[in-house]
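Nothing in this text is a laboratory measurement; each read-out follows from the coordinates by a stated rule. Worth saying up front: this structure is predicted, and the values here are computed from it rather than measured. All Cβ positions, glycine included, derive from the backbone under ideal geometry; neighbour counts span all protein chains shown.
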Amino acid sequence: MPDSADRKRAAVTRLVVLLVGIKLLLHVTAAAVTPYEFHRDELLYFSMGTHLRLFHMDFPPLIALASELLRQTVGVSVFTYRMLPALAGAGVLLVALATARALGGGRIAVLLTGTAVLSGVIFLRTAALFQPVVFDQLAWGGALYALLRLEQTDDPRWWRWLGLAGGLGLLTKFSIAFIGVGVLAALLATPRRRALLGPGPWIALGIVLVVGSPSIAGQVALGFPVLGQLEGLRGSQLARITWSEFLGTQPLMLGPAILLAVAGAVAPFVDPRLRAFRSVAIACLTTFVLLGALHGKPYYAGPIFPVLSGGGAVWVEGLARPRVRAAIAWGLGAAAAAYGVVLLPLGLPVVPPAPMARYAAGIGVTAATRTNMGGRLPLPQDYADMLGWREKADAVAGVVATLTPAERERTVLYGDNYGQAGALELYGRRLGLPPVVSLTGSFYYFGPGARPAGVIVALGVEPDEVETVRCGSLAVGPRVRNPWGVEEERDVPIVVCREPDITLRDLWARRAPGQ
């Protein structure tokens with residue numbers, strides 16, 4: 001007969017499985033029923049996969065590798081693309097639950113932790129889209145969990161796991177550097193700094209550099225384009241983000257469960273039972289302050305919260321007074337669950353545009369519909385960025401159909417931004433369209449291609465903006481309208497440039513990246 005401790009462990013294990021199952025069910029269902037199409041960024045990552053050059057890319061290539069793997073194995077659809085982030089989101093939840101268990105948490109701590117991650121809008125949204133963000137969250141969580149286990153066990157194998165998490169993070173986003181600084185601060189601020197004299201940390205660093213070497217090699221080969229990307233981001237989006245906005249948006253993303261994360265950051269310094277969690281708290285606090293000081297977007301801090309919530313939940317479960325413990329645990333859990341249900345449409349793209357716009361206006365949370373540039377939309381920007389792409393590709397296909405067979409043999413499509421170019425490339429493969437080029441972002445590094453461009457069909461370029469290229473004749477095609485899109489996607493032109501006076505190769509040579 002199993003003893004009481006065994007029964008409790010089995011019950012907690014079943015609870016963990018249930019919570020992870022709920023997470024997966026939410027995202028699989030959302031992917032199956034969503035009324036939206038591919039996100040602008042997903043179109044880019046599809047193109048990055050089809051132009052995959054592992055050690056010669058301007059962006060950490062894990063997302064491109066994943067895209068190409070999906071394309072080659074299960075095919076390209078909204079549903080298949082959303083399965084991988086769903087699994088990664090379940091992994092984020094599992095790391096948070098494992099943190100609570102490692103700190104001695106039982107059913108209450110596991111349930112609170114699970115509720116915090118399941119109800120957080122940020123964790124719903126990131127696991128619903130094929131973007132690097134959720135994989136970044138998983139890498140940060142893995143690194144913080146390895147740091148905790150290293151502190152608890154002093155087992156040198158955890159240095160290798162820390163290095164692997166960091167290396168996968170470097171393959172995903174360069175923002176892994178922020179938690180890297182946080183981990184270093186934690187080492188220096190605790191007795192663990194003595195380990196810097198031994199091989200463990202340097203083995204971890206070596207693993208990071210080896211696993212993440214494709215990201216580093218791409219930057220070296222292409223002249224460090226990340227610096228230009230950061231400068232552009234700082235000038236267009238980050239400069240307007242203040243400390244008040246950075247701090248004020250965190251409760252919206254996390255809901256009442258932010259109190260658990262705060263407890264997880266503070267409790268290790270006042271509760272001896274959580275002393276082993278102190279290094280994790282220092283790493284998270286350092287990273288949070290660093291992101292705020294550098295005007296980071298509020299969601300950049302998201303990866304620290306699942307693990308912190310696990311620590312906070314264990315602290316709540318360990319409160320000495322049973323009535324106080326029960327009141328906080330059940331009150332906070334119920335509030336977080338209710339918040340998650342009410343704001344579920346902000347996290348999962350399942351409500352069609354018109355009722356979603358009414359819902360967004362009704363709840364009055366203006367931050368939810370603010371664009372990266374500070375403007376306002378009827379829909380959250382992610383939702384607006386999932387509409388209208390197929391219509392653009394169909395409109396371009398209609399224009400291409402009017403060309404003669406000889407013209408089509410010499411035709412190249414041009415997209416004025418990466419969403420337009422990505423839509424033409426993804427849908428164009430199904431529609432039998434000519435190859436796609438663009439001078440914007442990653443497409444610049446894909447190059448001009450090999451086809452002679454006797455005809456250029458350009459999407460998103462106004463007739464009076466055709467300055468770099470002189471055309472033998474310039475025809476104006478239809479305009480593609482999308483009332484739900486972001487401003488630059490609501491009324492998009494198509495033009496046809498015949499007999500341009502410059503080759504694409506010369507045009508690429510004339511332009512600098514990002515211009």
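Annotations
- Counted charge near Phe38, where neighbours are those whose Cβ lies closer than 11 Å (Asp, Glu -1; Lys, Arg +1): -1
- Bridging of Lys8 to aspartates and glutamates at a Cα separation below 19 Å is possible for Glu317, once same-chain residues fewer than 8 apart are set aside.
- 0 to 90° range, to nearest 10: angle between helix 4-33 axis and the chain longest Cα axis: 20
- Cα-based radius of gyration of the stretch 4-347 once divided by 2.2 N^0.38 Å, which approximates compact folds: 0.98
- Projecting the Cα positions of Pro405, Tyr418, Trp484 onto the charge dipole of the stretch 389-510 (unit charges on Cβ atoms of Lys, Arg, Asp and Glu, taken about the Cα centre) puts Pro405 furthest along the positive direction.
- Simple label model, 7 Å out from Cα along Cβ direction - Arg9 to Val220, nm: 4.7
- All distinct Cα pairs of the stretch 296-371 go into the 1/r average, and the inverse of that average, the Kirkwood radius, is 15.2 Å.
- A protection proxy built from the mean count of other Cβ atoms within 10 Å ranks the segments 144-151, 469-476, most packed first, as 144-151, 469-476.
- Relative to the longest principal axis of the Cα atoms of the chain, helix 278-293 runs at roughly 40 degrees.
- Taking the charge dipole of the chain about its Cα centre, with +1 at Lys and Arg Cβ atoms and -1 at Asp and Glu Cβ atoms, the residue from Pro35, Ile328, Val341 reaching farthest to the positive side is Ile328.
- Rg and Dmax, both from the Cα atoms of the stretch 39-79 and both in Å, are 9.7, 29.
- Net charge in the neighbourhood of Trp315 (other residues with Cβ under 14 Å of its Cβ; Lys, Arg +1, Asp, Glu -1) is +3.
- The helix-only estimate of mean residue ellipticity at 222 nm for the chain, built from DSSP H runs of length n ≥ 4 each weighted as -39500 (n - 2.57), is -19500 deg cm²/dmol after division by the residue total.
- Between 0 and 90°, nearest 10: helix 176-189 axis offset from the chain longest Cα axis: 30
- Taking only Cα atoms of the stretch 421-515, radius of gyration then Dmax in Å: 13.5, 37
- Dipole of the chain computed with +1 at Lys/Arg Cβ and -1 at Asp/Glu Cβ about the Cα centre; of Ala186, Thr468, Gly318, farthest Cα towards the positive end is Gly318.
- A straight Cα-to-Cα reach below 22 Å connects Lys173 with the lysines Lys297, residues fewer than 8 places away in its own chain not being considered.
- In the stretch 380-461, the convex hull through the Cα atoms has an average projected area of 5.4 nm², a quarter of its surface area.
- FRET efficiency for Val210 and Arg511, using Cβ-Cβ distance with R0 set to 60 Å, rounded to 0.05: 0.95
- Cysteines, the chain, no other Cys beta-carbon under 4.7 Å: Cys284
- Ordering of 383-389, 56-62, 329-335 by burial proxy (mean other Cβ atoms within 10 Å per residue, highest first): 383-389, 56-62, 329-335
- Charge tally for Gln152 (other residues, Cβ to Cβ under 14 Å; Lys, Arg +1; Asp, Glu -1): +4.
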